[in-house]
Amino acid sequence: MDLLRFITCGSVDDGKSTLIGRLLYDSDAVSLDVLAALEEQNRTSAAGTVDLALLTDGLRAEREQGITIDVAHKYFTTPRRKFIITDTPGHVQYTRNMVTGASNADLAIVLVDARQGIVEQTRRHTIVSVLLGIKRFVLAVNKIDLMGYSEAVFHDIVADYAAVAAQLGIKQVANIPISALHGDNVVKPSANLPWYKGPSLLEYLETVPVATEANTDAARFQVQYVIRPQSVELPDYRGYAGRIQSGVYRRGDQVLVLPAGIETTLEAIEINQQEADVAVAPQAVVLRLTDDVDVSRGDTIVPLALAPEPTRELEATLCWMVEQPLRAGHKLLVQHHTAKTRAVVQAIVGKTDIQSFAQQEATEAKLNDIVRVRLKTAQPLAADTYQQNRTTGAFILLDEQTGATLAAGLIEQTVLAEPEFEI
Amino acid sequence: MPTLPRIDYLDRLEAEAIHILREVAGQFQRPALLFSGGKDSIALVRLAQKAFRPGKFPFPLVHIDTGHNFPEVLQFRDQLAAELGEQLIVRRVEDTIKQRGLREPGGKFPSRNALQTYTLLDTIEEFGFDACIGGARRDEEKARAKERIFSVRDEFGQWDPRRQRPELWNIYNGQIQPGENVRVFPISNWTELDVWNYIQRENILLPSIYFAHERRCVVLPSGQLLAVTEHLTLDASDELTTRQVRFRTVGDATCTAAVESDAHTLEAIIEDILQAKVSERGATRLDDKISETGMEDRKRNGYF
């Protein structure tokens, strides 16, 4: 069975949590006791009907304030497909959580309040989704009931969003009018929207092509852990455990161990202690090499022909996620999957304006800013650009002292021309 | 050229869980796998075998024992650890109660579920564990749906949902300061049904209480069935009955209810679940009903 991972995003009060509640409720994914607990709550609160948003707003503060603070994951299955929904917060101060959700999604549902149309958060969430590599979008125009199910209102918003999509190079947008509160066109088509001829939201989600794992990408594998039993039966066994990040590995491949640049041969691929001729992303495997070479956690093993050039200088886009600003000269840790190294910010190159999507000059990154920076790392990284590879083109930045996650990083360029300045 | 393997949904979940387990091994000095003898932790053990064999596990199995057990489960636990040849550490809530002078929960159904937290935190301190792997899933409960796969706890084991680290792509940040530790949930994205499908696919053995059997039970006012054990105090007014039941989860015997079932095989259990209209925790857990945010409150205080 296929799997579709999608996020729901939009501004606060656009009804994201209600929409998810509606999808779960109308597709029979809500069990009786959960419904009973909801009804109990609603008897003690003011509203008369079941508040579907309470299905996802799980934290005390969320219930008290009636908003979503953190990313929530929900799971449901229809006869046609399995879904993982990531519900992300609408409030601007929680944009970092939206970035978190988008990093693992194949599709974004951008929710817009029919009364408000496109707002700043719509643009912000769309650009974040595009930046993180999401290719498919649903523009869900919600609360259309409050605008008298008006076709004209819907078309105006669709036209406005088409301009945003064009500016960001989005090619696939499905425009769907809905009322999450009343269930119009969420699971079933609605008689209130006779002018709308397209699929309901769920029908679209069930039939949209899912991007299968990018096996056409260059083969990439990083060592997570070295298995050395050092037992009587296996005194010399050395297996390199890791997940195939992209592409295909075959027994007998000529490979390069990076960043050291040692050439050797793939002697065996093991999956659950069984030897395999071939393995593909995202399988978890153990690789054994013909030669006894020095390989440890963080090293990359790649087919010779497809090897990237290890680099100590990167140009990257960052989604900055903490209060304290980032400036040139700051030192931090780069975690490139299993490789971790110290790094210094050589320069803040610019900042993306959320309204115009234009690059502006900037000297620092503040919370929720999207900036372009130049980094120099202590150890070379076997990295790709995010355009080339959504796995090995990604990294996170950590605070050296507290270990806190400071930023999501997307590599724009791995080989730089002569640096203009040195720190 | 050999054909490429087909990767289905369960393969993806398995690969993700193995990846997470190996990240624990790669990033921490003294990890532990919390093992209760329940189906989720048994599935975790199978995933650990896939992650680390032919090597040993890079962590011991740790059981925080409430003392309110089903004997079949303890027997199963010991046998599994022996067959694996891995270290099993058991720490008892009973001992914590004595050492710390804690009060046993009173009432009719004296669950030690909440007291487990003390024993867990003491055990973490005793062994200096910096990461504890658990079998919790996001579909179990709405507070769990908000938790990260790598969940950083402060030195009091507390979870602060507002200060959670963003978890980007499948990059897991295990960088912590002294005194902090991380709870790791490799099967976060699995549903109850996924776990059962995996158990079936992998031919994983389970304690017998997961399958239908005759058992003496108390009928609770809610209609739920609670196994009669030595830990319950029964009154003359209690309605007792013998029913054909099985357990969907295994926890403290005083707060884990049984469900009526005639499912004797994995196929029948999976069929049961597909039909079931009541969620796993709702059917079987009494402690979540204490308040709307029961789980969140326990987690904030250091619970799994």
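Computed values, structure above
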{"read-out": "Residue in segment A:203-210 that is touching a helix residue (DSSP H, G or I) at 6+ places or on another chain (Cβ under 9 Å), within 14 Å of chain B (Cβ to nearest Cβ) and in contact (Cβ under 8 Å) with a residue 40 or more places away in the chain present", "value": "no"}
{"read-out": "A:Asp299 being of a type in the set (D, E, K, R), free of Cβ contacts under 8 Å to residues at least 60 places away in the same chain and farther than 18 Å from B:Ala15 by Cβ", "value": "no"}
{"read-out": "Test: residue in segment B:152-166 that is of a type in the set (S, T, N, Q), in contact (Cβ under 8 Å) with a residue 60 or more places away in the chain, more than 9 Å from every other protein chain (Cβ to nearest Cβ) and farther than 28 Å from B:Tyr9 by Cα", "value": "yes"}
{"read-out": "Residues of segment A:126-141 that turn out to be more than 16 Å from A:Asp106 (Cβ to Cβ) and modelled with pLDDT under 95, as a count", "value": "1"}
{"read-out": "Flag for A:Val173 being surrounded by fewer than 21 Cβ atoms within 10 Å (Cβ to Cβ), of a type outside the set (Asp, Glu), touching a residue at least 12 places away in the same chain (Cβ under 8 Å) and assigned to a strand (DSSP E or B)", "value": "yes"}
{"read-out": "Residue check for A:Thr68: part of a helix (DSSP H, G or I) and either modelled with pLDDT under 60 or closer than 30 Å to A:Phe357 by Cβ (or both)", "value": "no"}
{"read-out": "Some residue of segment B:255-274 being at pLDDT below 80 and either more than 14 Å from chain A (Cβ to nearest Cβ) or surrounded by 21 or more Cβ atoms within 10 Å (Cβ to Cβ) (or both)", "value": "yes"}
{"read-out": "Filter result (over 29 Å from A:Ile227 (Cα atoms), in a loop (DSSP other than H, G, I, E, B) and in contact with a Lys or Arg (Cβ under 8 Å, 6 or more places away or on another chain)) within segment B:54-98", "value": "B:Thr66, B:Gly67, B:His68"}
{"read-out": "Checklist (1) over 30 Å from A:Phe83 (Cα atoms); (2) in contact (Cβ under 8 Å) with a residue 60 or more places away in the chain; (3) not in a loop (DSSP other than H, G, I, E, B) applied to B:Val195, failing item", "value": "(1)"}
{"read-out": "Residue match in segment B:70-78 (condition: of a type in the set (Val, Ile, Thr), buried (at least 20 other Cβ atoms within 10 Å of the Cβ) and at pLDDT below 85)", "value": "no"}
{"read-out": "Failed condition for B:Thr233, given (1) under 20 Å from B:Pro71 (Cβ atoms); (2) in contact with a helix residue (DSSP H, G or I) (Cβ under 8 Å, 6 or more places away or on another chain)", "value": "(2)"}
{"read-out": "Conditions (1) modelled with pLDDT of 95 or more; (2) assigned to a helix (DSSP H, G or I); (3) out of contact with any strand residue (DSSP E or B) (no Cβ under 7 Å at 6 or more places or on another chain); (4) not aromatic (Phe, Trp, Tyr): number failed by B:Ala48", "value": "(3)"}
{"read-out": "The one condition in (1) touching a helix residue (DSSP H, G or I) at 6+ places or on another chain (Cβ under 8 Å); (2) surrounded by fewer than 21 Cβ atoms within 10 Å (Cβ to Cβ) that A:Gln224 fails to fulfil", "value": "(2)"}
{"read-out": "Meets criteria (small (Gly, Ala, Ser) and within 14 Å of chain B (Cβ to nearest Cβ)) for A:Ala383", "value": "yes"}
{"read-out": "Test result for A:Leu287, under 24 Å from the mean Cα position of the chain (by Cα) and either assigned to a strand (DSSP E or B) or not charged (D, E, K, R) (or both)", "value": "no"}
{"read-out": "Of all residues making up segment B:99-142, the number that are in a loop (DSSP other than H, G, I, E, B) and free of Cβ contacts under 8 Å to residues at least 12 places away in the same chain", "value": "6"}
{"read-out": "Residue that is nearest to the chain's Cα centre (by Cα), among those in segment B:17-45 that are part of a strand (DSSP E or B) and away from chain A (no Cβ under 14 Å)", "value": "B:Leu34"}
{"read-out": "Condition met for A:Val232 (β-branched (Val, Ile, Thr), more than 27 Å from A:Ala281 (Cβ to Cβ) and within 14 Å of another protein chain (Cβ to nearest Cβ))", "value": "yes"}
{"read-out": "Answer from B:Trp169, B:Trp190 - the residue that is within 12 Å of chain A (Cβ to nearest Cβ), under 25 Å from A:Thr86 (Cβ atoms) and surrounded by fewer than 21 Cβ atoms within 10 Å (Cβ to Cβ)", "value": "B:Trp169"}
{"read-out": "Neighbours by Cβ (under 7 Å, 6+ apart or cross-chain): first from segment A:251-275, in contact (Cβ under 8 Å) with a residue 60 or more places away in the chain; second outside any strand (DSSP E or B)", "value": "A:Leu258/A:Asp299; A:Leu258/A:Ala307; A:Leu258/A:Pro310; A:Leu258/A:Ala382; A:Pro259/A:Pro310; A:Pro259/A:Ala382"}
{"read-out": "Flag for A:Asp184 being surrounded by 19 or more Cβ atoms within 10 Å (Cβ to Cβ), more than 28 Å from A:Gln387 (Cβ to Cβ) and among the acidic types (Asp, Glu)", "value": "yes"}
{"read-out": "Residue match in segment A:306-321 (condition: touching a Lys or Arg at 6+ places or on another chain (Cβ under 7 Å), away from chain B (no Cβ under 14 Å) and assigned to a loop (DSSP other than H, G, I, E, B))", "value": "no"}
{"read-out": "Number of the condition not met by B:Glu14 [criteria: (1) within 12 Å of chain A (Cβ to nearest Cβ); (2) over 18 Å from B:Asp130 (Cα atoms); (3) surrounded by fewer than 24 Cβ atoms within 10 Å (Cβ to Cβ)]", "value": "(3)"}
{"read-out": "Cβ-Cβ under 6 Å pairs, at least 6 apart or on other chains, segment B:17-35 side among the aromatic types (Phe, Trp, Tyr), far side in a helix (DSSP H, G or I)", "value": "B:Phe35/B:Ser41"}
{"read-out": "Residue match in segment A:184-200 (condition: outside any strand (DSSP E or B), more than 12 Å from chain B (Cβ to nearest Cβ), touching a residue at least 60 places away in the same chain (Cβ under 8 Å) and within 30 Å of A:Ala114 (Cβ to Cβ))", "value": "yes"}
{"read-out": "Those residues of segment B:115-132 which are within 14 Å of another protein chain (Cβ to nearest Cβ) and touching a helix residue (DSSP H, G or I) at 6+ places or on another chain (Cβ under 7 Å), in sequence order", "value": "B:Ala131"}
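To keep it simple, each residue is scored yes or no on (1) within 22 Å of B:Arg46 (Cα to Cα); (2) surrounded by 15 or more Cβ atoms within 10 Å (Cβ to Cβ); (3) at the interface with another protein chain (Cβ under 8 Å from one of its Cβ atoms).
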position	(1), (2), (3)
A:Gly239	yes, yes, yes
A:Arg250	no, yes, yes
A:Leu258	no, yes, no
A:Gln273	yes, no, yes
A:Gln283	yes, yes, yes
A:Val295	no, yes, no
A:Ile301	no, yes, no
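The values are calculated or read from the model by the stated rules, or taken from the named source; none is laboratory data. All values reported here derive from a predicted model rather than from experimental measurement. Please note: Cβ atoms are built from the backbone with ideal geometry, for glycine as well, and neighbour counts cover all protein chains shown.
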